Structures are given as C-alpha cells and as structure tokens.
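Asker: I have a structure I would like to understand better, so I am pasting it below and will then ask my questions one at a time.
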Amino acid sequence: MTERETALETQGVTMRFGGLTALHDFSIRVHRGSIVGLIGPNGAGKTTCFNVMTGFYRPTEGKVLFEGRDLTAKGPHEVCREGIARTFQNIRLFSNETVLQNVMIGCHVRTPLNWWETPLPFGVGAKKEKEIREKAYHLLEEVELAHLADECAASLPYGAQRRLEIARALATEPRFLLLDEPAAGMNPQESQKLMAFIRHIRERFNLTVMFIEHDMKVVMGVCEYIWVLDYGVLIAEGAPKEIQADPRVIEAYLGEEAVADA
Amino acid sequence: MSVEMFIQHFLNALTLGSLYGLIAIGYTMVYGILRLINFAHGDIFMLGAYFVFWGGALFRLPWFLSVVVAILFTALCGITVDRVAYRPLREAPRISALISSIGVSFFIQNLSIVTFTAIPRAVHVPQWLGQVHLIGKVRLLPLAIVVPIVSLLLTSGLLWVVYRTKPGLAMRAISKDIETTRLMGVPVNRIIAITFGLGSALAAASGIMWALRYPQIHPFMGVIPGFKAFIAAVLGGIGSIQGAVLGGLLLGFIEIMIIAFFPGLSGYRDAFAFVLLIVILLIRPSGLMGEKLEEKV
Amino acid sequence: MYESRTKRLNVAAVALLGFFLWWAQGNLDGYKIQILNLVAINIILALSLNLIYGFTGLFSLGHAGFMAIGAYVSSLLILPAAQKEMIFLLEPLVWPLSVLQAPFFVAVLAGGVAAALFGLLISLPVLRLGGDYLGIATLGFAEIVRVVANNLSGITNGALGLKGIPNHANIWWNYGWCLFTLYFIARLVNSNFGNVLKAIRDDETAARAMGIDVLRCKVVSFSIGAFFAGVGGALMASLLTTIDPKMFLFLLTFNVLMIVVAGGLGSLSGTVIAGVVITVLLEWLRFVENPVTIGSFHIPGIPGMRMVIFSMALLFIILFRREGIMGMREITWNGIIGVCRRKGEKDRD
Ligand SMILES: Nc1ncnc2c1ncn2[C@@H]1O[C@H](COP(=O)(O)OP(=O)(O)OP(=O)(O)O)[C@@H](O)[C@H]1O
Ligand SMILES: [Mg+2]
C-alpha cells in the first residue's frame, strides 16, 4: 500500500465494563479515502469500538485521533462536529418525523438555526430554514428517497430506512462515515445495491468509510482493508484476500474443529 | 443543647424516620419492579389511617381489630389501584403510568374529601401508647419506643418474604428482567399484585402509627409524607429495601436535627427534603445503596 | 400559494376572534368573561408545558413554581406603593421592591423573564436527569419555591399573600399574550430548531450522534417554557387580584398537565382545544360542589366531587386514549379545506 494520509487512528484503546473487557489494546490506522471493514463474531466488541470512536463511551485506556486531533475526551455531538458520522446497528430514525425532517435534523450541526431566529417569517432565520430544506431535499434525491420526503420515517420499508439513516448521517457533512451492519436483514440483491451505493457516496462526498458487517460477500466485495476482532482483541488485519486465508480468522468464526477438519 | 433535649430530639427523629422508612419501602419495591414512581402511595398511607378511624368510630371495632382490618383493606386498595390504573399501561411508555398514578393520587384524595369530608379529625390513642412517662427530664411517649420496634419487625418480616420465599424470589427476578421472568412461567401480574399489597400494608402501618403520633387525620395528610418518603427511597438507593429504611431514618434525623439546631429554619422544614433530593440526584443518582446503571447504546 | 392562503386564513381567524371578544365584552356577564380569561391563561400555560414535555420530551412537573415566580414578580411591580405598605403587615417589603413600579406589560414581561432565569438556573443541574427523575426534581423545585414564598415575608408577605393586585389583565391582554404564545411556539416547533427538539424527544442517542448539543437545546426549550409559564402566572395574578403560596400547590401543575395530555403531547391545536374544553368543564363542574335547591328539594353540595370527576377523566384518557384528542397531529387550514372539498364532492355525488 502506498503511503497515504491517516484519517482516523486509535492508540491502545481498551474499554472495560466492570469485569468485562469489551475491547483490549486496540490500535488501528485508517487511511483517508479508503473503505475498510471491521469484522468479528457476535459480541466481539465491534459496536463498542464504534461507540468509543464516536464519543459515546470514554475508553478506559488509550486514545482516538482524527486527522491528528485528539477526540478521546469529546462527547458524541462534538465528535460529529469534527466530521465523523455514524449509523446504528438497530436503526435509530426519528420515527415520528418525516423523511425530510430526519435529514433536516442532520443539517442542524452545520447550519444551526437558533431559537431567536425562528419567530420572524423573514430575515436570517427564514433564509437558513429554506437553505436547510433545500439541502436536505438534494440529499434525499441523492439517495433516491426524494419521492418519499413527506412520508413518516417509521413507515418506510427496511432497506429505505437504512438508506435514510445514511442520508441523515451525510447531512452532517462528515469526512468519515461509520456504518454499523448496514446490510443486516437484506437479501443478496439488496446487499449488492448497497455495496454500489457505499462506493458511490464515498466518491461523491469524498469520504472515508468504515463499516461493521457480518455478510462476508459485502465485506470482501468493497473493503480495501479489514480488521478482525475476537473477544475484544484484534486477531488479524489485512487485505480481504489475506483475511480470507488467515487460519486465526477461520478459527474465530467457526471454532477449532472447523480448522482441524479443513 | 442539653443532653435531655438531645435525647428528646433523637427519639422524635427515630420515630419520624421509621415512619418515613416504612412508606419508602412501598415506593422502592414498586420502582424496583415496574420503574414506576407510585404517586398514589402517600394517599394509600392516608387511607390506612382513615380506615382505623372508621373501624373504631363507625363499626365500634376494638382498636386492635380495627388496625388489622385497616391494614388488610389498605393492602386491597393498593392491589386494586395496580389492577385498574397501572396494569393496563405495562406496555405503554413509562411516563404514562406515572401520569396515571398522579391521577389516582388526586382521585383518592378527593374521594376521601367526598366520603370523609375535609375536616381534620382527632384520633383515638389507646392509653398505653399515649401516656407520657417522665424519665429524668425526658418525656417518654411509649410510641417513641413502639414505632421503631414495630417498624423493625415489619421490615424484617418483609426482608424474610423477599429473600426467603418463592414470591420474594420472583419479585427479585422481575426487578432484574421482567420479560425473561415472564417467559420462565412466573405469574408476573400476581407477583406485582403481591408487591403492591405488601407495600400498601406497610404504608398503612405507617399511616396508623403516624396518626397516633401526630393525632390528627385529614385527606391530604399523605401528600407531604409521601413525597418525603419517596425522597428517602431515592436517598437510600431506589430498589433497595434496606436502603429505603436507611434513607427514611436519615431523612428523619436531618429534618429534626436541622430544626433542633437552627430553629429559625423551621418554616423551611418541608423544603429540606426536596433540596436534599436535588443534591442527591446530582451527585449520586443511584443513591447510597443502589447499583449504578450504565446506558447501553 | 398554500402559504399565502394559510396566512390570509390566519389573519381572518384572528380578526374573527377579536370580533368575538369585542362582542363578548359587551354582552356576556362577568362570570362568563372570567371563564374566557381563564381559557386564555390556561392555553398559555398548557402550550408552554407542551413545548417542554410534548415537543422536547422533558417530563417537568415544575409549572406551579414558574407560575408563582411570574405571579409574584409582576404583582410586586404593579401594586401601588400605598397598597404595598398596607398589606405587608408581618414585615415591611424590602426596599427597592417597595417603591418599584412598572406598567403592566413590562411587569408581565419581567415575570416571564424572572421565571425563565429560574428555569435556566435549575435546568443546568436537573436536565441531566431523565424521565421520571426529572419530573420529581422539578416538582421538588416547585415545592421549594412555594415554601420559600411562605417564609420570605419581606418579599412575598408570607402566608398572607398579596391582595388588591390591580386588575389589569383584561380580555385583550390575556388573549393578546395567548396569541403571541401560540404564534411564538408554533413558529418555534415548526422550524428546524423544533425538529431538533422533536429529535431529542424521539431518540436522544441518535440526536447526539447527529451533532446536536442535547443539553443546550433542552435548556433552551425548558427556559422558553418557563418564560411563558411565568407570563401565565403573572396574568393569572392580575386576573384574580390576590395570590398566596397555597395557590401554587401541585394541583395547579396537575391541571395544566391534564390539558396537555388530553389535547395530545406534541399537538398545539390539541392543546388549544383541550384548554377550552377543560377550563370550561372545570368551571361547569363547580356546580356539583354547590348546594342546589329545586323547589323545596335541597341537594347539598358535595365538596371534592369536582376533582373526583376531573381526576377520573384524566385516568380515562390515559387508560383508553393515551394519545389524547389529537395525538401528534395538527389541525391545519389545508387539512380543513381538504376535508371540506372531499365532503363537498361526496354531497354532489
Ligand atoms: N454499556 C455496556 N455495558 C456493559 N457491557 C457492554 C456495554 N456495551 C457493550 N457491552 C458488552 O461488550 C461486549 C461487546 O459488545 P458489542 O456490542 O461491541 O459487540 P459486537 O461485536 O457489536 O456484537 P454484535 O455482532 O452482536 O453486534 C458484549 O459482551 C457486550 O455485552
Ligand atoms: Mg454490534
């Protein structure tokens, strides 16, 4: 791999919950502009890793650096302001709001509308409001949800909800996007489309994308680089080909007998 | 302050604290199981006191019998409240049940005005409880001894139920995880009803002793003790029975001692508990004996 | 196109309301006017609680406290100096307050601002709490306010309260403030800032991930709600002309909460409708507490019955129609016109 700029870096991150070490001495370096994957069996600590990176958990030890700046002590909203956006494993849309409103809420961090700007139907507030609405609508067009703009977010089919969640994350104008199991519950065709979609938004918005995924087809299909977690420990990393051949990974996923049989 | 005075205040605080503690147990058990602040609990306490009064005044029951009957009736009221106003809301957002309990609280208060009238009534205190004995310079009311002892016995009995019996085991299981417990075949609703029954019975006992100690009853008498006992439960760590008793005693002592040492503040008496509550919630929301909960994202 | 039509219809509705009030002032008796006034004030109070609870999801039970602050501050500003001297029997009123005077509008505004400042002050600590704990903490705050009002005789005249407050809060002031509150809160919740508040209500975790400074937004919403609660309290004080600490019991908060829940959490039109219905109902229910004589037949009043029926009504709503009258929906002009059109078409068929 050629020498490229680092977007995000973790240094010896350890996360403990009481006696349980969900993440142990986790150090990675993500290159700017790449699409990378984080895999591992259930309960391996993948989501925990995302939660640490996005400021939801303060790591017990270690540091998270984004473009050279230390994020470790920052709260989720500050991390988002720095340029990292995420989606959730169990979709978390604002279910009482419309599709358009969901994306507009994502716009708030870059175009904050203050409460005192809201009463007047003209002036700065109204201008901002219009700007936000248009921007949100454009984003919806980008993810092909514009025709559903006024639908209630909760009424969308599953796949559309996933895309909406990504659109909402994009509305915060991130440079780094974390997706937690975006293909969960999708059929192969949908997953295929999702892969193309992830590639597309990477190009379109100049992103670095990191995602957690159980569907190996998706992971091997789009990732340039992969990290494998097991019981909170990083057991392997490398290009998809290397990971596929790595006996430790196979063992972690299938148990020891499988390796012996092979 | 003289030693006699201090002993006097100490006894007062012990009585008040025990009474708070008994009410607090009901709050803590219900919160532990349903995550519900049962606003109506203070009014259940009031009902206990009224039932004894009516048992004596209306049905001419011997005092002791009317106490037993009153406790049973109050327990029944608690169970009914749960059945009618809380059980249908088990699947609803938590605040709905809380609003329902506020509604029940006002309902009980005003129904009591309708049936008992709002006029405060004097309560009959049996001679052996109300006769003041002078020991040295300390005025000793037998109640000051009886209340803490009865409270201790009742609490021990409850702890025995919770830690040594099957329904108690089920209660503890529900407070950890209601869904799983249901799946294990535990009749969850019946256990919750038992919890309400026990909590209400203790509140009734507290209400009855309260009426003996401060011998007057009226339909709003449960409001302030109710709030304070809830605060005691938070203080002790909500969900913990021992914590509730401890919190009750602590609150009783804080209240009495502040007034004893700073008589100028006695007008603010009803505010201490609330100030304490806000402070506690800020520095240690899990209370003195509660477990810390971490939010999972 | 829709927007300008909505605007015109809004103006027409306000004009119609103005006309109605003008008519009412000339033709209705004092008791009915009083009810109209209470309707306006209750709507102000309920709208402000709906902003806090219905739109932002902060379960606050502190409304009586904010009302008390607004009521005392504004009353002290409009009471004439001579009256102040006369009613402060326990202790004279402390100095700057004893001479301070302000026009009614300024006094009400000051009441609102004072309540908002207190809201700001307590919000920083208590808003870190969630759900029911927030409810209890804010209830605690309201109780503290009441106890302090009972004891701070040099400012509040203690348990005696304030009497002879000038009755400036006529129908025009009350409805003026009511419309302003409705306009302000409606603009707020329909803006993107309102969307953000709703996001916090729906899923705080997701809102934080969207870069929203949740605590700050909650503080803003809470303080704005406190402001209007203070305004409502100030108007109420001038309408009733006497206040004392007993007036600001938890019952007062309960009444406001009832309106909000009945109307629908997160629905402004629901709050307005419920505000009218419940205020009128509460007044009408007074008759069950008054003795009635029909011919030679005498029915004694039943004290307490009014609140029994009222709390039962709340229980029915929460048990059987939890979303209230409107749920989260709103009545809009476009909606009304749509319904009329459809109905018209059906009639023609
Ligand atoms: N807030 C928390 N408190 C206590 N334990 C936690 C917390 N968050 C995560 N854990 C524990 O940390 C471990 C790792 O969880 P995590 O959610 O990161 O796994 P995961 O790799 O995302 O698994 P999955 O594929 O099932 O999503 C689990 O054992 C989990 O129970
Ligand atoms: Mg996960």
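The values are calculated or read from the model by the stated rules, or taken from the named source; none is laboratory data. Given the structure is predicted, the values throughout are model-derived calculations rather than measurements. Using ideal geometry, Cβ is built from the backbone for each residue, glycine included, and neighbour counts are taken over all protein chains shown. To get the accessible areas, we keep the full protein, side chains included, count just its heavy atoms, and leave off ligands, DNA and RNA. Shrake-Rupley method; radii C 1.70, N 1.55, O 1.52, S 1.80 Å.
Asker: Pop the C-beta distance of residue C:283 and residue B:3 into the FRET formula with R0 = 56 Å and round what comes out to the nearest 0.05. If you can, show how the numbers build up before the last one.
Answerer: Working: r = 59 Å, r/R0 = 1.05.
E between residue C:283 and residue B:3, to the nearest 0.05, is 0.45.
Asker: If N is the number of residues in the range B:182-238, what value comes out of its Cα radius of gyration divided by 2.2 N^0.38 Å?
Answerer: 1.48
Asker: So, one more: Out of every Cα-Cα pair in the range A:94-173, what percent are more than 21 Å apart? The partial results should precede the final answer.
Answerer: Numbers: 829 of 3160 pairs.
That tail contains 26 percent of the Cα-Cα pairs.
Asker: Which far-off residues, 5 or more places away or on another chain, put their amide H under 5 Å from the one on residue A:235, with H placed in the peptide plane?
Answerer: Here A:228, A:229, A:230 satisfy the definition.
Asker: Would you mind checking which residues have amide H under 5 Å from residue A:13's amide H? H placed 1.01 Å from N; only 5 or more apart, or other chain.
Answerer: Distant-sequence amide H within range of residue A:13: A:26, A:27, A:63.
Asker: Rolling a 1.4 angstrom probe over the protein heavy atoms, how many square angstrom per residue are accessible across the range A:94-173?
Answerer: 43 Å²
Asker: Another question, then. Please list 3J(HN,Hα) in residue order for the range C:76-91, calculated via the Karplus relation 6.51 cos²θ - 1.76 cosθ + 1.60 where θ = phi - 60°; whole Hz, with x for glycine and proline.
Answerer: Along the range C:76-91, the couplings run 5, 7, 9, 5, x, 4, 5, 4, 4, 4, 6, 7, 7, 8, 5, 8 Hz.
Asker: Buried accessible area between C and B (1.4 Å probe, both chains summed, ligands and nucleic acids excluded), in Å² to the nearest 100?
Answerer: Buried surface at the C/B interface: approximately 3500 Å².
Asker: In degrees, nearest 10, range 0 to 90: what is the angle between the Cα axis of helix B:63-81 and the longest Cα principal axis of chain B?
Answerer: 30 degrees
Asker: Oh, and also: What is the range C:30-250's relative contact order, in percent, from Cα pairs under 8 angstrom and six or more apart in sequence?
Answerer: Value for the range C:30-250: 42 percent.
Asker: If you don't mind, there's one more thing I want to ask. If you build the Cα gyration tensor of chain C and take the root of 5 times each eigenvalue, what three semi-axes come out, in whole angstrom, biggest first?
Answerer: 33, 28, 21
Asker: While we're on this one: Would you mind telling me which residue in C:88, C:222, C:19 has the biggest mean-square fluctuation in a Gaussian network model of chain C, where springs connect alpha carbons within a distance under 10 angstrom?
Answerer: Evaluated over chain C, the most mobile residue of the options is C:19.
Asker: Additional query: Pick from B:31, B:50, B:20 the residue whose mean-square fluctuation is largest in a GNM of chain B, springs joining Cα atoms under 10 Å.
Answerer: B:31
Asker: Which of the peptides C:319-325, C:68-74, B:92-98 is most tightly packed, and how do the rest follow, going by the mean number of other Cβ atoms within 10 Å of each residue?
Answerer: Ranking the peptides C:319-325, C:68-74, B:92-98 by packing returns C:68-74, B:92-98, C:319-325.
Asker: So if R0 is 60 Å, what FRET efficiency would residue A:6 and residue C:323 give, r being the distance between their Cβ atoms, rounded to the nearest 0.05?
Answerer: So the FRET efficiency works out to roughly 0.75.
Asker: Write down the radius of gyration of the range B:3-283 and its Dmax, each obtained from C-alpha positions, in Å.
Answerer: Over the range B:3-283's Cα set, Rg and Dmax evaluate to 18.6, 62 Å.
Asker: What lysines does residue A:63 reach when the alpha-carbon gap must be under 23 Å and sequence neighbours fewer than 8 apart in one chain are set aside?
Answerer: Those lysines meeting the cut-off are A:46, A:74, B:296.
Asker: Please report, in debye to the nearest 20, how large the charge dipole of the range A:94-173 is about its Cα centre when each Lys and Arg carries +1 at its beta carbon and each Asp and Glu carries -1 there.
Answerer: Charge dipole, the range A:94-173, about its Cα centre: 180 debye, nearest 20.
Asker: Could you work out the mean count of beta carbons from other protein chains within 10 Å of each residue's beta carbon in B:87-99?
Answerer: Working: counts 1, 4, 3, 0, 0, 3, 4, 3, 9, 4, 2, 7, 13.
That average works out to 4.
Asker: To continue, here is another question. Per residue of the protein assembly as shown, what 222 nm ellipticity follows from adding -39500 (n - 2.57) for every DSSP H run with n ≥ 4, rounded to the nearest 500?
Answerer: It lands at -20000 deg cm²/dmol.
Asker: How big is the dipole moment of the protein assembly as shown about its Cα centre under a simple scheme where the beta carbon of each Lys and Arg is +1, that of each Asp and Glu is -1, and everything else is neutral? Debye, nearest 20, please.
Answerer: 2000 debye
Asker: Oh, and also: Rounded to whole Hz and in sequence order, give me ³J(HN,Hα) for the range B:258-267 from the Karplus expression 6.51 cos²θ - 1.76 cosθ + 1.60, θ = phi - 60°, writing x for Gly and Pro.
Answerer: Taking θ as phi minus 60°, the curve returns 4, 5, 5, 8, 10, x, x, 8, 4, x Hz for the range B:258-267.
Asker: Which ³J(HN,Hα) values in Hz, rounded to whole numbers, follow from the phi angles of the range B:85-91 under the Karplus curve 6.51 cos²θ - 1.76 cosθ + 1.60, where θ = phi - 60° and Gly and Pro get x?
Answerer: Once rounded to whole Hz, the list reads 9, 10, 4, x, 9, 4, 8.
Asker: Calculate the mean, over all residues of peptide C:303-311, of how many other protein chain Cβ atoms lie within 10 angstrom of the residue's Cβ.
Answerer: Counting other chains' Cβ atoms within 10 Å and averaging over C:303-311 gives 6.
Asker: May I pose another question? Under 5 Å between amide hydrogens, which residues at least 5 positions from residue A:7 or on another chain qualify, with H placed 1.01 Å from N in the peptide plane?
Answerer: A:30, A:31, A:32
Asker: In addition: How far apart, in nm, are the 7 Å Cα→Cβ label points at residue C:117 and residue C:345?
Answerer: If labels sit at residue C:117 and residue C:345, their model points lie 5.8 nm apart.
Asker: Enter the mean projected area of the convex hull around the alpha-carbon atoms of the protein assembly as shown, in nm², rounded to one decimal.
Answerer: 48.7 nm²
Asker: Mean separation of Cα pairs under 8 Å and 6+ residues apart, divided by the residue count of the range B:3-283: what relative contact order is that in percent?
Answerer: 39 percent
Asker: So, one more: What does the convex hull of the Cα atoms come to per residue for chain A, in Å³?
Answerer: 146 Å³
Asker: Based on the Cβ-Cβ distance from residue C:25 to residue A:127, what FRET efficiency comes out when R0 is 45 Å, to the nearest 0.05?
Answerer: The value I calculate is 0.65.
Asker: Right, another one. How shielded is C:144-152 by partner chains, expressed as the average number of their Cβ atoms within 10 Å of its Cβ atoms?
Answerer: 4
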